[in-house]
Structure formats: C-alpha cells, structure tokens
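What follows draws every value from the coordinates through simple rules; no lab data is involved. Note that the coordinates shown come from a computational prediction; the quantities given were computed from them, not determined experimentally. Neighbour counts are summed over all protein chains in view; Cβ atoms, including those assigned to glycine, are modelled from backbone coordinates with ideal geometry.
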Amino acid sequence: HLEAVIFDLDGVITDSAEYHYQAWKTLADGLDVPFDRDKNERLKGVSRMESLEIILENSGLSFTKAEKERLAKQKNDNYKLMIQRITPADLLPGIAELLTSLQEQGIAVGLASASQNAALILERLEAGHWFQAVADPGDIRKGKPDPEIFLRAAEMLDVPPCNCIGVEDAAAGVMAIQAAGMKAVGIGSVEQLGAADLLLASTIELTVTKLQKLLA
Ligand code: G6P
Ligand code: MG
C-alpha cells in the first residue's frame, strides 16, 4: 500500500526544467555548439557537469577541467537569476492540491532532485513544509538513472521502496525509480517516458486515488 510519494523537482513540482533549458541554450549558443529541445531531453535528471559533457560531445571543442567548471558556473549563474523570479504561483497545475491531499491522508512526501538549487527553489515556491525528506544530491555518489537518490529519500522517510511511488519528467528518472523497486509515474510524452508504470500528460492529472491504485 502507498506510504510515500517521492518527487523529482524540475519539471514536476515547477517548470524550472524550462529555465535549465534556456540557461544551457544561452551557453551553447555562445560556444556555437548546436543544442535543441530534443538533445535537452537527455539533460533532464542529469547532474550539471554531466549535462555539460553531453552538450560538448561531438562539438570538436575541448576544454580543461577548470574551463569546464567555469562554463558550468556561467550556466548556473544565469539559471540562478532566472529562478529568483519563481513564486508560489509557479507550482505546476494540481501540485499544491496533491501535496495537501497527501498530507491530509498521512502519506509521506519526499524530494529526490539532482539539483543543487532544489532547496532554493522549494523556498521560492514556499513548498518546503510539504516535504518530510529532501535527499541531498551532494551526498549521492551515482546520479539518475542509478536508484541511489530515490532509495536515500525512502530511507530518510523510513518507508520500504515497495510502498513508495516516484514521480518524474525524465527518462533517466523513471529508470532510477524502477531500479529502486518503486512504481514510476511519468509526467510527459510516451516517446520519452513510455517505460513509466503510469504515464500522465500533465501534473493536473495526478490524484491520490490514481497513485493508490498503482500500488493496489
Ligand atoms: C535536475 C535537472 C537537470 C539539472 C540537474 C542539476 O536533475 O533535471 O536538468 O542539470 O538537476 O541541477 P543544478 O541546479 O545542480 O545545476
Ligand atoms: Mg525533472
């Protein structure tokens, strides 16, 4: 039975996935490296430095470690300016209602985001009070699609993975959830997230009943 729901942040709780895309796009344009929304799908759920590697692959450009760190910082500085504008009105449709219902029904809520900016975004959204556990990506050795971050959140909530559901907008995230032994809800398209146990086009379609049915 359903004891906990563990959420990804970017693209699930709020549309910060769009800001990640815009910030990477500005960096790629500046380097004259081709980058589009299709390629961006591969960046979802993936750490900052791994994302940079994906952008630079086949670019013919090579950078030292220090230069790469400078590029990643440039992207993050730009991204941080964008997320300053986030307010509670930027919670994706239905998320506030869902988190409130989960709370009312005594179902635990956790966060499993690879983003170092997750705490800041939760603060901007005034959403921190809904989460009993926020896994620290700085503490995680292997990123998504490895299950580590979802397992960490479940452990923090003291709930066995088989009684958890994970919610993701990234293919790597759906793989991570399932590898953790949890059911995966995908928010997005069948092309990207066909492997999900339940696929929804939008967060507005998420209800506690649907989540409970998935574990029934
Ligand atoms: C999430 C996003 C990725 C992002 C990663 C790291 O997983 O889906 O697109 O690259 O977090 O975010 P950060 O804010 O630490 O650069
Ligand atoms: Mg995401």
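In the chain, if every C-alpha pair distance is counted and binned at 5 Å from zero, what percent goes to each bin? P(r) for the chain, in whole percents per bin: 1, 7, 16, 20, 20, 16, 10, 6, 3, 1, 0. Calculated [222 nm] ellipticity per residue, helices only, for the chain: -13000 deg cm²/dmol; basis is -39500 (n - 2.57) per DSSP H run with n ≥ 4, divided by all residues, nearest 500. Projecting the Cα positions of LEU61, LEU157, LEU198 onto the charge dipole of the chain (unit charges on Cβ atoms of Lys, Arg, Asp and Glu, taken about the Cα centre) puts LEU61 furthest along the positive direction.
This model, with +1 at the C-beta of Lys and Arg and -1 at the C-beta of Asp and Glu, gives the chain a dipole about its Cα centre of some 320 debye.
Neighbour counting of Cβ atoms within 10 Å sorts the residues SER47, SER16, fewest neighbours leading, into SER47, SER16. Taking amide H atoms as placed 1.01 Å from N in the peptide plane, the amide H of THR14 lies under 5 Å from those of LEU92, each 5 or more residues away in sequence or on another chain.
Starting from the Cα of LYS65, move 7 Å in the Cα-to-Cβ direction to define the label point; list residues of region 5-48 whose amide nitrogen is under 13 Å from there. Inside the label zone: nothing. For region 127-216, the set of GluC sites (Glu not before Pro) satisfying both a DSSP loop assignment and a count of at most 15 other C-beta atoms within 10 Å is empty. If you wrap the Cα atoms of region 128-216 in a convex hull and average its projected area over all directions, you get 5.9 nm². With respect to the chain, whose longest principal axis is taken over its alpha-carbon atoms, helix 65-83 is tilted by about 50°. Phi-derived couplings, Karplus 6.51 cos²θ - 1.76 cosθ + 1.60 at θ = phi - 60°, listed residue by residue for region 165-175: 10, x, 10, 9, 10, 10, 4, 4, x, 4, 4 Hz, with x used for Gly and Pro. Short to long, the 10 Å bins of the Cα pair-distance histogram for region 174-216 hold 30, 56, 14 percent of all pairs.
3J(HN,Hα) couplings calculated from phi for region 99-112 with the Karplus curve 6.51 cos²θ - 1.76 cosθ + 1.60 (θ = phi - 60°) are, in sequence order, 5, 5, 5, 4, 4, 4, 8, x, 8, 6, 10, x, 10, 10 Hz; Gly and Pro show x.
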